[in-house]
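Structure record follows, encoded as structure tokens.
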Amino acid sequence: MSKPSRRLRQRTPHIVKPLFYLTSAILAGAAPARAQQAPAPNAGDVLEEVIVTSQKRAENLQSVPISILAYDTKKLDELQVASFDDYAKYLPSLSVQSYGPGQAQLYVRGVTNGGDGLLVGSQPLVGVYVDEMPVTTIANNLDVHIYDIARIEALSGPQGTLFGASSMTGTLRIITNQPNPSKTEGGYDITLNTFTKGDPGAKVESYVNAPINDHAAIRLVGWAEHDGGYINNVASPPGLVFPTSGLPRENSRVVEKNYNWVDTVGGRGALRIELSDQWSLTPMLMTQRQTANGQFAYTPFAVAAPAGSGVATIGGSGDLNISHYYPERYDDNWWLATLTVQGKIGNIDAMYAGGYIKRTTLSYSDYSDYSFFYDSAYGGYFQDNAGNLINPSQQLYSRSDLTKQSHEFRITSPTDWRLRFVAGAFLQRQVAYPRDEYRIANLQDADHAVGTGLPGSLDGLPGVIYVNSQIRTDRDSALFTDISFDLTKKLTLTGGIRAFHYDNTVYGFFGYGTSGWSASGEQQCLTPIETNNPVRPCINIDYRASKSSETHRVNLTYKFDDDRMIYSTWSTGFRPGGVNRVATRPPYESDYLTNFELGWKTTWLEHRLRFNGALFYEKWKDAQYAIAGQNGITEIVNAGSSEIKGIETEVQWRAAPGLTISGSATYLDAKLTSNACNQISDQPDCGSPDNILAPDGSRLPVSSKLKANLIGRYEWTAGNFDAHVQGAVVYQSDVVPTLTQADLPIVGMQPGFTSVDVTSGVSRDKWSVTFFIDNLFDERGEAIRYTTCTPQVCNLVNVIPIKPRQVGITFAQKF
């Protein structure tokens with residue numbers, strides 16, 4: 001779904017063989033040298049220390065008593081990470097629902113019921129930060145291009161005391177490399193690649209760090225990338241018609257091979273000014289535009305049974321094939337500005353971190369499958385001004401404008417004090433203006449629809465059957481502190497609390513015109529209808545939700561020595577409640593997460609082996625869940641309680657000189673502990689068996705029980721060259737795609753899969769060449785499985801796969 005642009009049309013499937021032969025030649029030529037020149041053990045054969053800032057201060061990862069997985073610049077480069085999808089697969093506690101670039105919802109430790117993602121619905125469960133700036137947005141994750149990044153930190157479990165309400169289940173942090181006045185440096189990377197079942201792509205990235213004087217420097221980063229497509233929009237079956245009108249359903253004007261290409265361009269600039277020996281000022285500006293064309297799903301079996309029409313072949317069946325009927329695109333344009341001021345007040349570190357983000361997304365989506373199934377089930381509703389039945393196909397136009405600003409001031413005591421603390425104040429304001437128009441060509445005007453009992457256009461919006469046009473404002477403020485006290489030299493007690501207040505409003509319009517369905521729209525207007533208003537015909541939603549509360553954390557850490565410790569944690573998470581747009585559905589309440597955790601951080605074999613992990617038990621109460629209500633309008637309910645039990649582990653082992661083996665895994669047992677109801681009910685059976693979405697004991701959706709990865713890398717010297725080979729295996733067990741049990745027989749289980757990435761390369765002095773094959777065996781793993789509308793009506797299953805096999809080469813040089 002993206003804005004068309006000039007494309008790499010020339011197919012290069014033959015790149016696979018040259019890359020294979022060249023890689024084989026290098027490895028074959030290096031083999032004798034490897035046998036003769038195996039490096040002797042030295043300081044480089046121990047694991048490197050990783051510094052993180054997950055507790056608002058710089059610390060060795062091994063001394064931080066929380067479950068955290070961190071990848072630094074070197075590791076990100078080794079794994080060929082450039083986008084969110086590239087690193088998300090190596091975070092085993094993270095699960096994702098994504099419909100394409102910049103369209104992901106994030107979940108940690110299985111705390112999800114699969115009902116999130118509505119711009120006027122529940123707030124996110126996982127906080128996302130760029131440096132000190134929260135960039136968490138409702139519905140779609142910010143897909144920051146990963147280049148010249150210091151590290152990515154993934155924090156599991158509630159992080160609300162230090163990171164706020166949107167970190168109810170975890171926090172994801174992207175830390176950029178900062179300007180450095182002490183040296184001049186730079187580099188660039190050029191990548192060529194191709195999908196073996198798709199089109200070629202290319203990427204150019206560059207950075208430079210330039211001192212201005214001894215106390216100031218600027219760092220500039222830029223990137224431009226084209227990803228080739230691999231989904232085919234194929235012709236619909238000949239003779240396919242809409243059941244009611246008999247009008248043809250065909251898509252010849254939009255048929256295209258490999259049509260889901262993506263273009264990404266962006267940059268980042270930061271300036272560091274050292275005002276004195278103790279104070280510095282760092283403004284930063286980052287911007288990115290991402291344009292995604294087409295659809296990222298395919299329909300493995302495009303045979304369905306529309307109600308009232310019998311079994312029908314509706315098109316698109318086959319590997320990486322789909323049949324859609326309107327042009328589709330998704331354009332994501334954003335910029336982010338931040339200011340960080342750091343210094344000291346006596347021995348106390350002080351920091352102000354402020355930021356502002358503006359994001360605009362624009363999309364056109366094909367809604368024809370929805371139209372076909374509803375026409376099959378309920379007959380012809382749509383006609384023109386002359387009373388003739390028309391083609392009911394719909395195209396969804398969506399635009400979202402978001403602004404967000406945040407301010408945080410905090411102070412931090414020295415790390416060597418026996419009583420240590422972090423304390424601060426936080427203020428945030430986010431305004432979102434989502435607009436959705438469901439368009440039907442030649443639909444009768446609003447005045448012609450009066451008296452027909454059939455839906456027509458909304459007043460002032462010709463050809464629009466349904467519209468969302470609202471302004472959502474979220475205001476948050478908080479005071480927080482985290483205090484640690486060394487009870488003994490080995491035993492430390494930590495307590496944290498965050499007292500916060502939220503005040504959220506939703507104002508605007510949603511629904512249909514005066515004719516047709518009455519669950520929403522002009523029949524619920526709170527203000528007079530404006531027949532010529534192209535934005536909205538009236539106001540029918542004006543709600544506010546506000547509350548004050550707090551989150552807590554208590555941690556006890558015992559250090560056996562400098563290399564080994566254990567810890568236990570009790571922590572809580574909180575997500576604000578909100579309002580439903582439908583007047584007959586009451587507001588939904590806040591939901592809560594309580595976490596009990598026992599973890600360990602250990603280093604062995606003279607710092608050649610690192611083994612970390614955590615056992616956890618979490619209780620989720622009054623979980624917010626989105627259901628399809630009357631007329632298919634999304635409503636939020638508090639659907640029962642759940643518990644999640646699991647284990648997270650991470651291992652890094654320098655097994656031999658030049659050989660490093662690493663891996664991480666998460667096992668989850670996530671299930672309901674009460675019936676999930678589709679309405680408010682104090683009764684165990686939800687008042688009626690018909691009101692039970694899922695019974696007690698049902699497995700929670702979206703997250704796999706087991707997600708794991710294993711990475712092996714061997715480096716050696718071959719003559720005047722440094723060489724390496726690397727293999728990375730990612731495994732994910734099966735997934736329940738939906739909480740609602742009645743939908744499962746139609747949607748089906750999302751099967752488990754294993755994918756393998758391999759790289760090899762050589763480097764010398766300041767340059768390197770790397771060859772890679774992602775998804776070596778072309779595994780058709782399923783990232784998400786869904787239907788266009790309620791499965792009982794729309795029973796065609798769509799699958800968004802992981803990316804198919806991709807082969808490429810990267811040349812990099814630093815100076």
Q: For the range 667-687, indicate whether the set of residues that are of a type in the set (D, E) and over 29 Å from the mean Cα position of the chain (by Cα) is non-empty.
A: yes
**Q.** Enumeration of residues in the range 388-434 that are surrounded by fewer than 20 Cβ atoms within 10 Å (Cβ to Cβ) and within 19 Å of D331 (Cβ to Cβ)
**A.** L396, Y397, S398, R399, D401, T403, Y433
Q: Would you check which residues across the range 569-613 are touching a Pro at 6+ places or on another chain (Cβ under 9 Å), closer than 30 Å to I661 by Cα and hydroxyl-bearing (S, T, Y) and list them?
A: T569
Q: Determine, yes or no, whether V255 is within 17 Å of D369 (Cβ to Cβ), under 32 Å from the mean Cα position of the chain (by Cα), open to solvent by 30 Å² or more (accessible area, probe 1.4 Å) and free of Cβ contacts under 8 Å to residues at least 40 places away in the same chain.
A: yes
**Q.** Inter-residue pairs, beta-carbon under 8 Å, first of a type in the set (A, V, I, L, M) and in the range 365-379, second open to solvent by 10 Å² or more (accessible area, probe 1.4 Å), 6+ apart
**A.** A377/A307; A377/G308; A377/V793
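Yes/no per residue for (1) in contact with a strand residue (DSSP E or B) (Cβ under 7 Å, 6 or more places away or on another chain); (2) basic (K, R); (3) within 30 Å of K197 (Cβ to Cβ):
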| residue | (1), (2), (3) |
| --- | --- |
| D331 | yes, no, yes |
| K358 | yes, yes, no |
| Y367 | yes, no, yes |
| Q383 | yes, no, no |
| L389 | yes, no, no |
| S393 | no, no, yes |
| L402 | yes, no, no |
| Q405 | yes, no, no |
(Q) Checking Q792 against (1) over 20 Å from F721 (Cβ atoms); (2) within 26 Å of the chain's Cα centre (by Cα); (3) without any contact (Cβ under 8 Å) to a residue 60 or more places away in the chain: exactly one of these is not met. Which one? (A) (2)
(Q) Filter the range 193-208 down to the residues that are open to solvent by 20 Å² or more (accessible area, probe 1.4 Å) and either among the β-branched types (V, I, T) or assigned to a loop (DSSP other than H, G, I, E, B) (or both) and list them by number. (A) T196, K197, V204, V208
Q: Test S469 against the stated conditions and say whether it is closer than 22 Å to N533 by Cα, among the hydroxyl-bearing types (S, T, Y), in contact (Cβ under 8 Å) with a residue 60 or more places away in the chain and outside any loop (DSSP other than H, G, I, E, B).
A: yes
Q) What about G379, is it surrounded by fewer than 16 Cβ atoms within 10 Å (Cβ to Cβ) and more than 30 Å from Q55 (Cα to Cα)? A) yes
**Q.** Residues located in the range 435-453, provided they are surrounded by 16 or more Cβ atoms within 10 Å (Cβ to Cβ) and more than 37 Å from the chain's Cα centre (by Cα)
**A.** Q444, D445, A446, H448, A449
Q) Somewhere in the range 696-703, is a residue open to solvent by 20 Å² or more (accessible area, probe 1.4 Å) and assigned to a strand (DSSP E or B)? A) yes
Q: Kindly list the number of the only condition in (1) under 22 Å from F84 (Cβ atoms); (2) surrounded by fewer than 21 Cβ atoms within 10 Å (Cβ to Cβ); (3) touching a helix residue (DSSP H, G or I) at 6+ places or on another chain (Cβ under 6 Å) that fails for A224.
A: (3)
(Q) I want to confirm something. Restricting to the range 258-280 and keeping residues that are acidic (D, E) and more than 25 Å from P327 (Cα to Cα), which single residue is least open to solvent (accessible area, probe 1.4 Å)? (A) E274
Q) Could you say whether any residue in the range 488-495 is among the hydrophobic types (A, V, I, L, M, F, W, C) and either open to solvent by less than 20 Å² (accessible area, probe 1.4 Å) or within 21 Å of E437 (Cα to Cα) (or both)? A) no
Q: Identify all residues within the range 227-240 that are at pLDDT below 90 and either polar (S, T, N, Q) or open to solvent by 60 Å² or more (accessible area, probe 1.4 Å) (or both); write none if there are none.
A: S236, P238, G239
Q | Selection within the range 159-192 - open to solvent by less than 10 Å² (accessible area, probe 1.4 Å) and farther than 24 Å from Q55 by Cα | A | G186, G187, T191
**Q.** Selection count where residues are assigned to a strand (DSSP E or B) and either touching a residue at least 60 places away in the same chain (Cβ under 8 Å) or closer than 13 Å to R610 by Cβ (or both), scope the range 47-62
**A.** 3
Q: State whether the residues of the range 745-760 include one that is outside any loop (DSSP other than H, G, I, E, B), open to solvent by less than 30 Å² (accessible area, probe 1.4 Å), closer than 15 Å to S95 by Cβ and among the charged types (D, E, K, R).
A: no
Q: Counting only residues that are within 30 Å of D563 (Cβ to Cβ), give me the strands (runs of 3 or more DSSP E) lying completely in the range 63-152 with at least 2 of them.
A: 68-72
Q | Hits in the range 717-744 (condition: open to solvent by 40 Å² or more (accessible area, probe 1.4 Å) and of a type outside the set (A, V, I, L, M)) | A | T717, G719, N720, F721, D722, Y731, D734, Q741
Q | Residue list for the range 209-221, filter: open to solvent by less than 20 Å² (accessible area, probe 1.4 Å) and either closer than 26 Å to S276 by Cβ or over 26 Å from the mean Cα position of the chain (by Cα) (or both) | A | N209, A216, A217, R219
Q: Select from the range 95-110 the residues that are farther than 15 Å from D332 by Cα and either surrounded by fewer than 23 Cβ atoms within 10 Å (Cβ to Cβ) or out of contact with any Lys or Arg (no Cβ under 8 Å at 6 or more places or on another chain) (or both) and list them in ascending order.
A: V96, Q97, Q105, L106, Y107, V108, R109, G110
Q.
Suppose we filter L598, L605, L609, L593 for residues that are at positive phi and at pLDDT 85 or above; which single one remains?
A. L605
Q) Residues of the range 353-392 being of a type in the set (S, T, Y), at pLDDT 90 or above and in contact with a Lys or Arg (Cβ under 8 Å, 6 or more places away or on another chain), which ones? A) Y356, T360, T361, S363, Y364
Q. Does A665 qualify as being outside any loop (DSSP other than H, G, I, E, B), at pLDDT below 90 and crowded, with 16+ Cβ neighbours inside 10 Å?
A. no
Q) So which residues in the range 531-573 are hydrophobic (A, V, I, L, M, F, W, C) and under 30 Å from N60 (Cβ atoms)? A) V554, L556, F560, M565, I566, W570
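The values are calculated or read from the model by the stated rules, or taken from the named source; none is laboratory data. Computed from a predicted structure; not experimentally measured. All Cβ positions, glycine included, derive from the backbone under ideal geometry; neighbour counts span all protein chains shown. The protein model used for the area step is the full one, side chains on, heavy atoms only, and it has no ligands, DNA or RNA in it. Shrake-Rupley method; radii C 1.70, N 1.55, O 1.52, S 1.80 Å.
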